[in-house]
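The values are calculated or read from the model by the stated rules, or taken from the named source; none is laboratory data. All figures in this text were calculated on a predicted structure; none of them were measured in a lab. Methodologically, a virtual Cβ is constructed for each residue, glycine included, from the backbone with ideal geometry; neighbour enumeration extends over all protein chains shown. Accessible surface areas use protein heavy atoms only, side chains included; no ligands, DNA or RNA. Shrake-Rupley method; radii C 1.70, N 1.55, O 1.52, S 1.80 Å.
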Amino acid sequence: MLMIRGVGSARKAVLVVLCVLTPFVFIFLLVRSGNDPGSCQIFTSRETVVSGKDGKTFTYDRTSPFIFIGGFPRSGTTLVRAMLDAHNDIRCGEETRVVPRILQLAAQWNRSAKESNRLHEAGLTDQIIGDAVASFIMEVVVKHGEPASRLCNKDPFTLKYGVYLLKLFPQAKFIFMIRDGRAVVHSLITRKVTVTGFDLTDYRQCLTKWSNSMKTMLRECEDLGPDRCLKVKYEDLVLHPRSQMETILNYLGLPWTEDVMHHERYINKPGGVSLSKVERSSDQVVKPVNVEALSKWVGVIPADVIQDMDTVAPMLREFGYDPNSNPPNYGAPDPEVATNTVEVQKNSDKWVKTVEDVLHKSKGGNTKN
Ligand code: A3P
């Protein structure tokens, strides 16, 4: 300003205009260079714009606060996503199945030094691959259901790649569902839910593999840190849904609504909980939160496996489950859950019919409508 004071007013004006414009010109040139093939220094987050049925427009980009629900399958991941889907501001929807697959592929490219070198030699930097993977995930998450102000994805194994996902979506938040591994494996085996590498005739093998897989996910969750990854136990969610949902909504920065306590009322309703006919939890999640599934595993796991439980599945203890108690004391349900459970048990015929009706009507495509 001291220098400017000495010159005439016209030159002063030109200088001021130049000062104001220079940063914008600089940013414009940088962004342009970011669009050139081969240049990858600039983070250009493309927007995806979609309209809801009421004509309201929603815009998403990589800085949108996406929610990722993860954990081992059979840990209540569908239940928590259904409870969130009942919230007006959130849409999760069905499992996409392709999101964890693209993440696994990207991790493979990165893990193999040979492959990684080949990609770099071909000009495929980590950033180009990251941009492509992020675009793929965003397209899938945004477009497989109706828009909502907070979009959420529930594909359990995405949490194995939580740290990488956070690089792609820096405002993302993660929910890590944890359940007693004995109940998880009992559920896999009795319901014949296939997971790659799991031998469904062998409790010991499945429990060991569950433990290893949970170790990986716990490490990711801890690396993400408590602001980005919230651990939720299935047992706590079904015994105390109100306090658990309060914690979850608070963590997500969303207001409380009673709707999350009655997800069953919004199954396949406009703006509600869209279910797939072919997902293995759809017939259970149709019901209100209940404790029927808590201890079904007790008395079913072979005695020799029960005896060695602490060494077979060391992550049980890590997550606070006593490997030596059969059954463990998970606690008493809140009165509203106890009422739900009695209702579900007393009217089992009605629920069989409701499940049939709901799943017959459910469609395999769009969700929030
Ligand atoms: P079981 O197979 O032991 O019955 P996921 O969706 O992660 O695969 O988890 C499935 C488990 O969540 C199932 O356990 C199922 O019973 C339980 N679940 C689903 N809906 C529920 C509800 N409304 N109340 C309590 N548990 C529920």
**Message:** Take Ala148 and tell me if it is under 30 Å from Leu79 (Cα atoms), in a helix (DSSP H, G or I), among the hydrophobic types (A, V, I, L, M, F, W, C) and in contact (Cβ under 8 Å) with a residue 12 or more places away in the chain.
**Reply:** no
**Item:** Residue list for region 305-320, restricted to those being over 11 Å from Asp180 (Cα atoms) and either touching a Pro at 6+ places or on another chain (Cβ under 8 Å) or hydrophobic (A, V, I, L, M, F, W, C) (or both)
**Value:** Val305, Ile306, Met309, Asp310, Val312
**Tally of residues being more than 9 Å from the ligand (Cβ to nearest atom), closer than 29 Å to Met315 by Cα and among the aromatic types (Phe, Trp, Tyr) across region 50-96** = 2
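This table checks each residue for (1) among the basic types (Lys, Arg); (2) open to solvent by less than 50 Å² (accessible area, probe 1.4 Å).
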residue: Arg280; (1), (2): yes, no
residue: Gln284; (1), (2): no, no
residue: Leu294; (1), (2): no, yes
residue: Gly299; (1), (2): no, no
**Request:** Hand me the list of helices (runs of 4 or more DSSP H) wholly inside region 203-278 holding 3 or more residues that are open to solvent by 50 Å² or more (accessible area, probe 1.4 Å) and modelled with pLDDT of 95 or more.
**Result:** 203-224, 241-252
**Asked** Do any residues in region 47-59 that are closer than 13 Å to Gly145 by Cα have Cβ atoms under 7 Å from those of residues that are surrounded by 10 or more Cβ atoms within 10 Å (Cβ to Cβ) and of a type in the set (Val, Ile, Thr), where the two are at least six apart or on different chains, and which pairs are they?
**Response** Val50/Val142; Phe58/Val50
**Asked** How many residues are of a type outside the set (Ser, Thr, Tyr), part of a helix (DSSP H, G or I) and open to solvent by 20 Å² or more (accessible area, probe 1.4 Å) if we restrict to region 301-312?
**Response** 5
**Request:** Please find, within region 180-192, the residue that is farthest from the ligand (Cβ to nearest atom) out of those that are assigned to a loop (DSSP other than H, G, I, E, B) and open to solvent by 20 Å² or more (accessible area, probe 1.4 Å).
**Result:** Lys192
**Prompt:** Do we have Val195 as open to solvent by less than 40 Å² (accessible area, probe 1.4 Å), touching a residue at least 12 places away in the same chain (Cβ under 8 Å), assigned to a helix (DSSP H, G or I) and aliphatic (A, V, I, L, M) here?
**Reply:** no
**Asked** Looking at (1) in contact (Cβ under 8 Å) with a residue 12 or more places away in the chain; (2) in contact with a helix residue (DSSP H, G or I) (Cβ under 9 Å, 6 or more places away or on another chain), which is the one condition that is false for Glu115?
**Response** (1)
